[in-house]
1. Contact list please: Cβ distance under 8 Å, first residue in region 169-189 and assigned by the TED database to the domain that holds A16 and outside any helix (DSSP H, G or I), second residue surrounded by 11 or more Cβ atoms within 10 Å (Cβ to Cβ) and modelled with pLDDT under 80, pairs at least six apart or on different chains.
2. Determine which member of the set S145, S189 is in contact with a Leu (Cβ under 6 Å, 6 or more places away or on another chain), crowded, with 19+ Cβ neighbours inside 10 Å and not aromatic (F, W, Y).
3. Take the conditions open to solvent by less than 70 Å² (accessible area, probe 1.4 Å), out of contact with any Ser or Thr (no Cβ under 6 Å at 6 or more places or on another chain) and at positive phi and apply them to G111. Does it pass?
4. Pick from S316, S269, S263: which is among the small types (G, A, S) and modelled with pLDDT under 80?
5. Look through region 122-136, keep the residues that are in contact with a strand residue (DSSP E or B) (Cβ under 9 Å, 6 or more places away or on another chain) and within 19 Å of I59 (Cβ to Cβ), and return whichever of them is most open to solvent (accessible area, probe 1.4 Å).
6. Looking at region 57-72, I want the residues that are free of Cβ contacts under 8 Å to residues at least 40 places away in the same chain and have a partner that is assigned to a helix (DSSP H, G or I) with Cβ atoms under 6 Å, at least 6 apart or on another chain. Which pairs are those?
7. So which of L281, L235 is open to solvent by 50 Å² or more (accessible area, probe 1.4 Å) and of a type in the set (A, V, I, L, M, F, W, C)?
Amino acid sequence: MFMGRKNVAKKYLFSAVLGLNLIITVLSLILGCLMYTSNAKAIRKNLVLVEVTGLLTNIRYGLHFGKNIETYYGMQDLLEKTAKSAEETDSFYIVDEAGTILFQTGNSVPGVRILDLAEDSYLKEGEKFYCSFPVSDGARMITESDISNDVKDWNRYYLDQTLVTTFGFLVVTIVMLILRGLLKETSVSYRLIMSLLILWVLGISSLIGYCTYTEYRKSIEQMCESMERTVLADLERVHENGIDDENITGMDDYLKRYVENISEIDGVSLRDTGDGCVFHLSREFLGRVKVDYTMQAFLLLAFSVMILTEYHLFVSGIHLNEEEDDYG
């Protein structure tokens, strides 16, 4: 009778751990995908900011000298020229504090939710991505981007992450089954299986943190490439107007606008050959970002461990009650 109850308890404990493994794996996958998506949106906003930095600077410069945003002369031409050369942005909207459109490119009119976007915020709707940047006195620039390719990349990431997580879950489960079959002592096998589960949680949390940080590092390269492309295009327009390099002044102030708007960049200069830019990344800012990504992975780990601990206490309590019943 005692051995029968002991076997039942062993089977129950193992089933409980398997259930816990499944729950933590699914939750880690979901939270990891949400974390990746959140970071991917922030990266997309940074790429758009790089592209519109010059436009925003020019508009603010004009407003600084007394121009009125409602009747800003040449605003439409500025927006249309930028829209034609932009790779990350399709349409531009200048709206006032009430969300009324003052200037726009294209014929479509965004919904109220988009026009009311707060400064420095962003929103995804379907395969469209909208960003809001401050211009002056409550006026905002709202950008619209087609992110259909990004959505495909995100979906591909979700699929890859699901496959990796599923494979890891199956491997961990198989090892658990092997340990359960080899070790007859319930308490020993249970501790080993729980240790294996902790290692699995640590592994999947680290993988998710590494993947999101890697994508962020790639985005810095994209930002630099976009910045360089914009600078060279501006120089080409200057050359087309018949101005030689030796007559170009204010280049340092021109490049400074990117340093002031892009936190990841600590300095930028034009190469002596004039065919590109040299970028100096901000070690201090990137160090803080690295800590933030590490903390995100740690919080995911802590959340999983918290569930693991609560479940362990629950299962241990039931097992203890069964032993008390066996011994009277």
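The values are calculated or read from the model by the stated rules, or taken from the named source; none is laboratory data. Given the structure is predicted, the values throughout are model-derived calculations rather than measurements. Neighbour counts are summed over all protein chains in view; Cβ atoms, including those assigned to glycine, are modelled from backbone coordinates with ideal geometry. For the accessible areas, the whole protein counts, side chains as well, though only heavy atoms, and no ligand, DNA or RNA atoms are used. Shrake-Rupley method; radii C 1.70, N 1.55, O 1.52, S 1.80 Å.
1. The qualifying pairs are L183/S189.
2. S189
3. So G111 does not fit the description; no.
4. S316
5. Checking each candidate, the answer is P134.
6. Qualifying pairs under 6 Å: none.
7. From the options L281, L235, the qualifying one is L281.
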